[in-house]
1. Indicate the helices, whole DSSP H runs only, in the chain that combine a mean Kyte-Doolittle hydropathy of 0.5 or more with a Cα extent along their long axis of 24 angstrom or more.
2. If each DSSP helix of 4+ residues adds -39,500 (n - 2.57) and the sum is divided by the residues in the chain, what number results at 222 nm, nearest 500 deg cm²/dmol?
3. Per residue and in cubic angstrom, what volume does the convex hull of the Cα atoms of the chain have?
Amino acid sequence: MQSYRTVAYPGVSVASQYMRQVYMWMGAGLLATAGVAVGVASSPQLMAAIFSSSLILILLVVAQFGLVVALSAA
């Protein structure tokens, strides 16, 4: 049987913790997106309000990009 020596690198632990947080935020974002999608899809009035006017749809897209920029800057 061979014995392998392991060496702990201090930067690896920090990177692993950071990536764990990144994936946690990504998972939370996917859950939030799924919740909003189910909520909008199950409401015919909300679907009609969003898709009846192209101005509302464009405003929602601009608001989404604004939110991404604001969260990225923080």
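1. Working: long enough: 10-41 (47 Å, 0.89); 54-73 (29 Å, 2.56).
Once both thresholds are applied, what remains is 10-41, 54-73.
2. Working: 3 runs with 61 residues, N = 74.
Rounded to the nearest 500, the figure is -28500 deg cm²/dmol.
3. 129
Values quoted throughout were computed directly from the atomic coordinates according to the rules given, and no laboratory measurement underlies them. Just so it is clear, the model here is predicted, and its values are computed rather than measured.
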